[in-house]
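Right, one structure below, let's go through it.
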Amino acid sequence: MTQSKSRITAIGTYVPAKILSNADLEKLVDTSDEWIVQRTGMRERRIAEPDQFVSDLAVEAVNDMVRRYGVEVKDADMILVATSTPDYSFPSTASRVQAKLGIQSTGALDLNAACAGFTYALQLADGLITSGIYRKVIVVGAETLSKITDYTDRTTCVLFGDGAGAVLVERDDESPAFIASISGTFGEGGIHLYKTALSERMDGQELKSGCLVQNGREIYKWAVRNIPEGMRVLLERGNMSAEEVDWFVPHSANLRMIEAICERGPVPMDRTLTSVEYRGNTSAASIPLALQLAVDEGRLHAGHHVLLYGFGGGMTYAGSLLRWTI
Ligand code: ACO
């Protein structure tokens, strides 16, 4: 693997003010706080306003990053936005982020890899910088999943929330921080998690239209079976032992699923960071939200080794091993 020449130099996040609690969900569908906590570990999620869209959340997250770290983003070479809930099919959400931030000259690109989007975007940012093409890339994971959630379906509506996280990835020849990467896909399983676009019939199969559709059991089994092995391969590629990993940061899909992954995987639950309890499943935003919470709580420090692992719709996954440097 080529030696990385980049590192994360700043992080920022944003979640909408409106809270959707388990008690609120009890009023919408036949569910209970007890069932939700026991099966998912979730207590609250944040919900965007009707006129608040992914580009708005993304811009807030970038502005938060600028406020916290005093970084300059006006000279960014590229904006990558990972999302499954773009404002439009086109123009890209990244183009709208560029306009709203008033960055004069930058590339802008959306990335769709569902809940693995943020880690895929990080790998691309590091690759673009390490290859010498660019020096500074803004990476955003942002979602308004509430806008594609069916609030009459108790099997999905208790899970999803809205939010955004941004990091800045910059060239650093002296102190690069990306150690190893992994990605893989099981497209045959894509039917287990989808939202239709152009047709309610695909490959001769009738689909449910309009909202997110999920076969939770199948995703659960796939993730718990595959991620522990993927983590081991990633550690091997980075020539690191599991003991050297300070924090495992998986996509915050479901706390019980993460516990099952940790039981089978190389890094235990007590060295795992999530954002699931008070943010729900925020897809591409969940990993930066977990990182930011850990920074704010004083748990994640410069010098720590972190293993990020996104997975979900596709079904696809991307993992990155890196040194935290801020
Ligand atoms: N409240 C009460 N009961 C419920 C609810 C609810 N909200 N939802 C389902 N149930 C019931 C079901 O109807 C079923 O009842 P039955 O036995 O009478 O038929 C029972 O609970 C068990 O249902 P299962 O679907 O088998 O429940 P399971 O234990 O598998 O938990 C869950 C469901 C939480 C969705 C779990 O499967 C899961 O988290 N899977 C992973 C999902 C995931 O990670 N998705 C995100 C991928 S990332 C992305 O790209 C968006």
Across (1) polar (S, T, N, Q); (2) within 17 Å of the chain's Cα centre (by Cα); (3) more than 16 Å from the ligand (Cβ to nearest atom), SER183 clears everything bar (3)
Within the stretch 138-196, take every residue that is among the aromatic types (Phe, Trp, Tyr) and not in a strand (DSSP E or B) and give me the one that is nearest to THR106 (Cα to Cα). PHE186
Is the stretch 49-69 home to any residue that is within 16 Å of the ligand (Cβ to nearest atom), among the aromatic types (Phe, Trp, Tyr) and surrounded by fewer than 16 Cβ atoms within 10 Å (Cβ to Cβ)? no
Which pairs have Cβ atoms under 8 Å, sit 6 or more apart or on different chains, and link a residue in the stretch 258-277 that is not assigned by TED's automatic domain parsing to the domain that holds PHE248 to one that is of a type in the set (A, V, I, L, M, F, W, C) and modelled with pLDDT under 95? none
Would you check if there is a residue in the stretch 233-250 being in contact (Cβ under 8 Å) with a residue 60 or more places away in the chain and within 26 Å of ILE191 (Cβ to Cβ)? yes
Per-region count, the stretch 302-314, residues on the phi < 0 side of the Ramachandran plot and surrounded by fewer than 12 Cβ atoms within 10 Å (Cβ to Cβ): 1
Residues of the stretch 107-132 being without any contact (Cβ under 8 Å) to a residue 40 or more places away in the chain and either of a type in the set (Asp, Glu) or buried (at least 24 other Cβ atoms within 10 Å of the Cβ) (or both), in sequence order, are ASP110
Members of the stretch 237-264 found to be among the small types (Gly, Ala, Ser), more than 16 Å from the ligand (Cβ to nearest atom) and surrounded by 16 or more Cβ atoms within 10 Å (Cβ to Cβ), listed by number: GLY238
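The values are calculated or read from the model by the stated rules, or taken from the named source; none is laboratory data. No experiment lies behind these values; they were computed from the predicted model shown. Here Cβ is always computed from backbone atoms with ideal geometry, including for glycine, and neighbour counts include all displayed protein chains.
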